[in-house]
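Undergrad: First the structure, then my questions, so here it is.
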Amino acid sequence: MLYFTIEILGTIAFTLSGVLAAMHKKLDPFGIFIIGFVTALGGGTLRDLILGVQPVFWLVDLSYMYVIVISVLLGMVFRNQLRYLRSSLFLFDTLGIGLFTMVGLEKGLAAGLEPIMCVAIGTITASFGGVIRDILCNEIPIIFRKEIYATACIVGGVSYFLLKLTPLREEWVFAIPIVIVILIRLLAVKYRLSLPTIYKSEK
Amino acid sequence: MLYFTIEILGTIAFTLSGVLAAMHKKLDPFGIFIIGFVTALGGGTLRDLILGVQPVFWLVDLSYMYVIVISVLLGMVFRNQLRYLRSSLFLFDTLGIGLFTMVGLEKGLAAGLEPIMCVAIGTITASFGGVIRDILCNEIPIIFRKEIYATACIVGGVSYFLLKLTPLREEWVFAIPIVIVILIRLLAVKYRLSLPTIYKSEK
Amino acid sequence: MLYFTIEILGTIAFTLSGVLAAMHKKLDPFGIFIIGFVTALGGGTLRDLILGVQPVFWLVDLSYMYVIVISVLLGMVFRNQLRYLRSSLFLFDTLGIGLFTMVGLEKGLAAGLEPIMCVAIGTITASFGGVIRDILCNEIPIIFRKEIYATACIVGGVSYFLLKLTPLREEWVFAIPIVIVILIRLLAVKYRLSLPTIYKSEK
């Protein structure tokens, strides 16, 4: 039940991040819907395809479609309010990536994959919706350029496997990595952290 | 037999729309072939992948490959004539989207999906070849920006489920939505209709 | 064993070509890793998806992930040396495409596909990692514009089926097409050959 609730919350958050990106590019309502849709479900769709879980999850569970349609409509109606919330876009995203990292990681475990691959699947689930969003908007994906984003997923995913070695209860082993992902992301944005550059400064 | 014929006609139409886009970007013959290929088969490939129908349809039925190779060759040889036909590009596309919407919708039905998902699958089948074409050509997909295109697919798809409630014969229930998609698209282009903008005018 | 070795060598070559493209776009270390990853595995992943071979190969064989991680790290540490090797990028790529064409073609055969489709699968395996690399870097794929690349794969793949008609031993039937792909590619780059243009010169 909690598992279901957090998927819905994350879906709303990702959809709105797609809606904002699409409105920034002045797309029409259909384009806004599709960008919201792929941002929300693109990562999970890629995960299901490479794992061989088909039909992909949102084809057989209509909740996702309803949540996205309503989120897109509300996002368009309250678009001026959303613009004020642009700085909150990071919070939306952050909740989503924390949750989806663990959802993806668990599906990797269920498919019998090695820990390193489960972390990869979790990271793909959480971050590739945004990658597809940026490609459809004709931008180099922002997470490849300047943000601590996937790195947070990777650290969170690794922490899950470390916590599993402790006597902590299962709920905590699942919940703490989500909090870790969210904290890393929030701190990174607050202190404008990014991965160390490997390019020489112009100075 | 009719089913097969209309798939071939639609494939030719989509291939030529890809060939024109690729020549507009001055791609080489291999690039033109690939863009023609993905425009024609990209939507159906994505449909088969998310439904879990593999190997995808064009791997096991060589007709598509032959039709596309011949269409691309003719498109390149008669490229100057094609350019005069640029305004006919809309007609090519329009026939294709009407047909492929219903082909995709029926595959969704065959997979036991809910009506709303069958409409989504039909729309993906008809429109995502063009989306992949535009991404490969480094453009924001045109159907996200200013055209009544996917909207026609959605209205056609919904009309199918409404017509199914009537005592009409099955052939008509299949054929009328195709005509609806084509009519909406033609009228939209003739009267330069697009989805209402949600952005404030500069005036 | 040789089969495995050549896959590893090709993977290193493709990863480094992705690393160079990503550093050219000034991506951060995570972006460089992902571009290296998709360049190396994107073609094979698309091949497995359309054939229905899931989970895709690199999820169940950790060697690829290790090879790519090490290649990316070495590529970043020795990035200045790599830059001097920029002209060697063609050689890296060339070894990779020769090998991967035949790997893909054999997987097509194993899936019971017709020769023309096996050649297509081989070409996709060898060239679509680079296509996805260029899309993620927001460029029109270079192999669509000016390079004899996929053409080499196609000629190599066709030569395989011709050689199979001869009494040559199986190892040679597998090895000679690889050499043909490499030779065509090297000669094309050395003599700056590209596919004949279909566009009229400005002169």
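Undergrad: Report, in whole Å, the centroid distance computed from the Cα atoms of segment C:1-68 and segment C:134-169.
TA: Spelled out, the Cα-based centre of one part sits 18 Å from the other.
Undergrad: Grab the other residues whose beta carbon is less than 12 angstrom from that of A:Thr15, score K and R as +1, D and E as -1, and report the net.
TA: Result for the neighbourhood of A:Thr15: 0.
Undergrad: Just to check, using Stokes-Einstein with a Kirkwood Rh over alpha carbon pairs, what's the diffusion coefficient of segment C:148-203 at 37 °C and 0.692 mPa s in µm²/s?
TA: 261 µm²/s
Undergrad: Further, regarding this structure: Taking a probe of 1.4 Å and counting only protein heavy atoms, give the total accessible area buried between chains C and A in Å², rounded to the nearest 100.
TA: Buried: approximately 2600 Å² between A and C.
Undergrad: Now, a different point. So what is the relative contact order of chain B, in percent, for Cα pairs below 8 Å that sit 6 or more residues apart?
TA: For chain B, the relative contact order is 23 percent.
Undergrad: If you don't mind, there's one more thing I want to ask. What's the magnitude of the charge dipole for the protein assembly as shown around its Cα centre, counting Lys and Arg as +1 and Asp and Glu as -1 at the beta-carbon? Answer in Debye, nearest 20.
TA: In debye, rounded to 20, the protein assembly as shown gives about 2340.
Undergrad: Okay, moving on. Hey, if you put +1 on the Cβ of every Lys and Arg and -1 on every Asp and Glu Cβ in the protein assembly as shown, which of C:Met23, C:Thr151, A:Phe14 ends up farthest toward the positive end of that dipole?
TA: Most positive-ward Cα: C:Met23.
Undergrad: With a 1.4 Å probe and every protein chain kept in, tell me what percent of the accessible surface of segment A:2-190 is carbon plus sulfur.
TA: C and S fraction of accessible area: 72 percent.
Undergrad: Let me ask something else about it. Using a 1.4 angstrom probe with every protein chain in place, what is the largest-first accessible-area order of A:Ile154, C:Ile70?
TA: From most accessible down to least: C:Ile70, A:Ile154.
Undergrad: While we're on this one: How large is the direction-averaged shadow of the alpha-carbon convex hull of segment C:2-190, in nm²?
TA: Mean orientational projected area (segment C:2-190, Cα hull): 10.4 nm².
Undergrad: Would you mind giving the mean number of other chain beta-carbons within 10 Å of the Cβ of each residue in C:151-158, as a whole number?
TA: 1
Undergrad: Given a Förster radius of 30 Å and the C-beta distance between B:Phe161 and A:Thr5 as r, what FRET efficiency does 1/(1 + (r/R0)^6) yield to the nearest 0.05?
TA: Efficiency for this residue pair is about 0.45.
Undergrad: In terms of solvent-accessible area of protein heavy atoms at a 1.4 angstrom probe, what is the ranking of C:Thr197, B:Thr5, highest value first?
TA: Final ranking, largest accessible area leading: C:Thr197, B:Thr5.
Undergrad: Something else now. At q = 0.05, 0.09, 0.11, 0.12 Å⁻¹, what is the log10 ratio I(q)/I(0) for the protein assembly as shown, with the Debye formula run over Cα points and no solvent?
TA: -0.22, -0.73, -1.12, -1.34
Undergrad: Here's another thing I want to ask about it. Provide a list, ordered by number, of residues in segment C:1-44 showing at least 50 Å² less accessible area with every protein chain present than when their chain is taken on its own, using a 1.4 Å probe.
TA: By number: C:Leu27, C:Asp28, C:Pro29, C:Phe30.
Undergrad: Separate question: Estimate the FRET efficiency between B:Lys26 and C:Lys26 by the formula 1/(1 + (r/R0)^6), using the beta-carbon distance for r and 30 Å for R0, to the nearest 0.05.
TA: According to the calculation, E is roughly 0.65.
Undergrad: May I pose another question? Using modelled backbone amide H atoms (1.01 Å from N, in-plane), which distant-in-sequence or interchain residues come within less than 5 Å of B:Leu195's amide H?
TA: Distant-sequence amide H within range of B:Leu195: B:Ile148.
Undergrad: State, as an integer percentage, the relative contact order of segment C:125-203 based on alpha-carbon contacts under 8 Å between residues 6 or more apart.
TA: 31 percent
Undergrad: Given the -39500 (n - 2.57) contribution per DSSP H run of 4+ residues, what per-residue ellipticity at 222 nm results for chain C, rounded to the nearest 500 deg cm²/dmol?
TA: Here the helix-only value at 222 nm equals -24500 deg cm²/dmol.
Undergrad: Provide an ascending nm list, one decimal, of label-point separations from A:Leu187 to the equivalent residue in each further copy; define each label point as 7 Å from Cα along Cα→Cβ.
TA: Spelled out, the distances from A:Leu187's label point are 6.0, 6.0 nm.
Undergrad: Please list, in order along segment C:96-102, the HN-Hα scalar couplings obtained from phi with the Karplus expression 6.51 cos²θ - 1.76 cosθ + 1.60 (θ = phi - 60°), rounded to whole Hz, x for Gly and Pro.
TA: Each residue of segment C:96-102 in turn: x, 5, x, 5, 5, 4, 6 Hz.
Undergrad: Among the chymotrypsin sites (Phe, Trp or Tyr not before Pro) in segment B:126-203, which ones are in a DSSP loop with at most 13 other Cβ atoms within 10 Å of the Cβ? Mind listing them?
TA: Answer by residue number: B:Tyr191, B:Tyr199.
Undergrad: Work out the length of the dipole vector of chain C about its Cα centre, built from +1 on the beta-carbon of each Lys and Arg and -1 on the beta-carbon of each Asp and Glu, and round it to the nearest 20 debye.
TA: It comes to approximately 800 debye.
Undergrad: While we're looking at this one, here's another question. In the neighborhood of A:Ile50, defined by Cβ-to-Cβ distances under 13 Å, what is the net charge if each Lys or Arg adds +1 and each Asp or Glu adds -1?
TA: Net local charge, A:Ile50 excluded: +1.
Undergrad: Applying the Karplus parametrisation 6.51 cos²θ - 1.76 cosθ + 1.60 with θ = phi - 60° to the phi angles of segment B:181-194, what ³J(HN,Hα) value in whole Hz is obtained for each residue in order, glycine and proline being reported as x?
TA: Values per residue, Gly and Pro as x: 4, 5, 5, 4, 5, 5, 5, 4, 6, 4, 9, 6, 7, 9 Hz.
Undergrad: If we hang a label 7 Å off Cα along the beta carbon direction at A:Leu165, how far is it from the matching labels on the other copies, in nm, shortest first?
TA: Going from nearest to farthest copy, the values are 6.1, 6.1 nm.
Undergrad: Have a look at A:Gly112, A:Gly31, A:Gly44 and tell me which one the Gaussian network model of chain A (Cα, springs below 10 Å) gives the largest fluctuation.
TA: Result: A:Gly112 has the largest fluctuation of those listed.
Undergrad: Something else: What are the extents of the Cα atoms of segment A:87-166 along their three principal axes, in Å, largest first?
TA: 41, 24, 18
Undergrad: Right, something else. If each label sits 7 angstrom from Cα along the C-beta direction, how far apart, in nm, is C:Lys26 from its counterparts in the other copies?
TA: Copy-to-copy label distances at C:Lys26, shortest first: 2.6, 2.6 nm.
Undergrad: While we're looking at this one, here's another question. Assuming R0 = 22 Å, can you tell me the calculated FRET efficiency for the pair C:Glu139 and B:Ser63, based on Cβ-Cβ distance, to the nearest 0.05?
TA: 0.10
Undergrad: Across bins of 10 angstrom width beginning at 0, how are the C-alpha pair distances of segment A:1-78 distributed, in whole percent?
TA: Distribution as computed: 20, 50, 26, 4 percent.
Undergrad: Next question, about the same structure. Kindly provide the trypsin sites (Lys or Arg not before Pro) of segment B:13-64 that DSSP labels as loop, not H, G, I, E or B, and whose Cβ sees at most 15 other Cβ atoms within 10 Å.
TA: B:Lys26
Undergrad: Let me ask something else. Where only protein heavy atoms count, and the probe is 1.4 Å, what is the accessible area per residue for the protein assembly as shown in Å²?
TA: For the protein assembly as shown, the solvent-accessible area averages 44 Å² per residue.
Undergrad: Per-residue HN-Hα couplings for segment A:27-36, Karplus 6.51 cos²θ - 1.76 cosθ + 1.60 at θ = phi - 60°, whole Hz, x for Gly and Pro?
TA: Values, residue by residue: 6, 7, x, 5, x, 4, 4, 5, 5, x Hz.
Undergrad: On to the next question. Over chain C, with a Gaussian network built from C-alpha contacts below 10 Å, which listed residue (C:Phe78, C:Phe14, C:Phe100) shows the highest mean-square fluctuation?
TA: C:Phe78
The values are calculated or read from the model by the stated rules, or taken from the named source; none is laboratory data. Keep in mind the model is a prediction, meaning the values are calculated, not measured. No Cβ is skipped: glycine too gets one built from the backbone with ideal geometry, and neighbour counts run over all protein chains shown. Just so you know, the surface numbers come from the protein's heavy atoms only, side chains and all, with ligands and any DNA or RNA stripped out. Shrake-Rupley method; radii C 1.70, N 1.55, O 1.52, S 1.80 Å.
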